[in-house]
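Working notes, beginning with the structure itself.
The values are calculated or read from the model by the stated rules, or taken from the named source; none is laboratory data. Source: prediction; values computed, not measured. For neighbour counting, all protein chains shown are included, and Cβ atoms are generated from backbone atoms with ideal geometry for every residue, glycine included. In case anyone asks, the SASA skips ligands and DNA or RNA and just uses the protein heavy atoms, side chains included. Shrake-Rupley method; radii C 1.70, N 1.55, O 1.52, S 1.80 Å.
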Amino acid sequence: MTNNFPQALTIAGTDSGGGAGIAADFKTMQERGVFATMVVAVTAQNTLGVQDALPMPPKLIDEQCASLAADLKIRACKTGMLADPTRVTAVVKNLQKYDFGPVTVDPVMIAKGGAKLLSDDAIATVRDQLLPLASLVTPNLPEAEELAGMKIQTEADMITVGKLLQGMGVKNVLVKGGHFASADEANDFVLLENGHNFWLTAKRIPTHNTHGTGDTISACITAELAKGKSMEEAIRIGKVYVEATIKDGINVGHGHGPLNHWAQIGGDQDEI
């Protein structure tokens, strides 16, 4: 009976500043009514950037995954910052060994402050080993360009990249268009496993407080999948939730501030 409650897993790095990484994942999953668990690496960071990082030894990744699998019923999981090929390979091995439900890959490569969070040789490992295990990949435009090996200058390019990523083995693709600087709207392209595709549109909100948006939308989608929502439902809810956390913002720190993860408190967990 203890495993009937929806449970989700994030395999990612901490953010000592509380706005991104596992901090954002936990806050988001909690707000969406899901019990969150973690396999963790560590960073020293704040709203101004990332100062240092300490990836976990592969043995500890193995032990954390084994510990969760032995006791909990993880219904969906996501990956975030994985640092290098050694860590990516360790995560892949454990995702093949244990059933943690549908896997959402947030291919974290570069922090908003410019710090590189995924080494060049790890990108190929993500592309070749991790994406084929993924139910969903959620790259922003720079990450999608790195994975697909092409520049994205138009929305037509986003469609092309979505198809290229799906061709690498990932079932569903969400290409986030927030990096188009001149746009009045943040338009994301979604390509589903069954071939259905659509755009998600939200008005661009003038703010610098967008630290952790990628973590937050992927964590929200993961939480909704853990509750049994379809992939399309989960993605649509993720977009609405992130828009609300930006619109109902807070001011913390002196750089790219965090989202307001409790923006949805008081509403029905299944309706936003």
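Starting from the Cα gyration tensor of region 38-90, take the square roots of the eigenvalues, sort them a ≥ b ≥ c, and report rounded, prolate or oblate (rounded when a/c is under 1.5, otherwise prolate if a/b is larger than b/c, else oblate). Cα axes put region 38-90 in the prolate bin.
For region 132-272, relative contact order (Cα pairs under 8 Å, six or more residues apart, normalised by length) works out to 17 percent. The mean sequence distance of close C-alpha pairs (under 8 Å, at least 6 residues apart), as a share of the length of region 90-172, puts its relative contact order at 32 percent.
Classify region 1-153 as rounded, prolate or oblate, taking a ≥ b ≥ c as the square roots of the eigenvalues of its Cα gyration tensor: rounded when a/c is under 1.5, otherwise prolate if a/b is larger than b/c and oblate if not.
Prolate is the answer for region 1-153, as a/c is 1.5 or above and a/b outweighs b/c.
In percent, rounded to a whole number, the relative contact order of the chain is 20, using alpha-carbon pairs under 8 Å and six or more apart.
Could you size up the charge dipole of region 135-249 around its Cα centre, putting +1 on the beta carbon of Lys and Arg and -1 on that of Asp and Glu, and report it in debye to the nearest 20?
Working: 11 positive and 15 negative charges, 34 e Å.
I would put it at about 160 debye.
Rank these by accessible area, largest first, 1.4 Å probe: Ser230, Ser16, Ser218.
On the way: Ser230 55, Ser16 85, Ser218 0 Å².
Largest accessible area first, the list is Ser16, Ser230, Ser218.
Each residue was assigned an accessible area with a 1.4 Å probe, and for Arg87 the value is about 50 Å².
Going through [x] 116; [y] 143; [z] 127, the figure that equals volume of the Cα convex hull per residue in Å³ as computed for the structure here is [x].
Nearest-5 percent of antiparallel DSSP beta bridges in region 1-91? Let's see the in-between values first.
Details: 5 of 16 bridges.
The answer is about 30 percent antiparallel.
Charge dipole of the chain (Cα centre as origin; +1 on each Lys and Arg Cβ, -1 on each Asp and Glu Cβ, all else neutral): 200 debye, rounded to the nearest 20.
What does the convex hull of the Cα atoms of region 1-75 come to per residue, in Å³, rounded to a whole number?
Details: hull volume 5.4 nm³, N = 75.
Taking the convex hull of the Cα positions in region 1-75, it is 72 Å³ per residue.
The largest accessible area among Trp199, Trp262 belongs to the first residue in Trp262, Trp199, and the rest follow in falling order (1.4 Å probe, all chains). Would you work out which of Ile205, Ile159, Ala122 lies farthest towards the positive end of the dipole of the chain, given +1 charges on the beta-carbon of Lys and Arg and -1 on that of Asp and Glu, about the Cα centre? Going by the Cα projections, it comes out as Ala122. Couplings for region 10-16, taken from phi via the Karplus curve 6.51 cos²θ - 1.76 cosθ + 1.60 with θ = phi - 60°, read 10, 10, 6, x, 6, 10, 4 Hz in order; Gly and Pro are left as x.
Sequentially through region 203-212, phi angles give Karplus couplings (6.51, -1.76, 1.60; θ = phi - 60°) of 5, 6, 9, x, 7, 8, 8, 10, 5, x Hz, Gly and Pro residues having no value and appearing as x. Looking only at the chain, where both bridge partners belong to it, what percent of the DSSP beta bridges are antiparallel (to the nearest 5)? Taking every DSSP beta bridge with both residues in the chain, the antiparallel ones total about 45 percent. Each of Ala83, Phe180, Phe100 was scored by the projection of its Cα onto the charge dipole of the chain, and the greatest displacement toward the positive side belongs to Phe100; charges sit on the C-beta of Lys, Arg, Asp and Glu.
Rounded to whole numbers, the Karplus 3J(HN,Hα) couplings from phi for region 130-138 are 8, 4, x, 8, 7, 7, 8, 10, 10 Hz, using 6.51 cos²θ - 1.76 cosθ + 1.60 with θ = phi - 60°, and x at Gly and Pro. Solvent-accessible area of region 5-127 (1.4 angstrom probe, protein heavy atoms only): carbon and sulfur portion equals 59 percent.
Counting heavy atoms of the protein chains alone, Val42 has an accessible area of about 60 Å² for a 1.4 Å probe. When all protein chains stay in place and ligands, DNA and RNA are ignored, the 1.4 Å accessible-area order of Asp25, Asp128, largest first, is Asp128, Asp25.
Rounded, prolate or oblate, given the Cα gyration tensor of region 137-272, with a/c below 1.5 counting as rounded? Oblate is the answer for region 137-272, as a/c is 1.5 or above yet b/c matches or exceeds a/b.
Solvent exposure of His211, expressed as accessible area, is near 20 Å², computed with a probe of 1.4 Å over the protein chains only.
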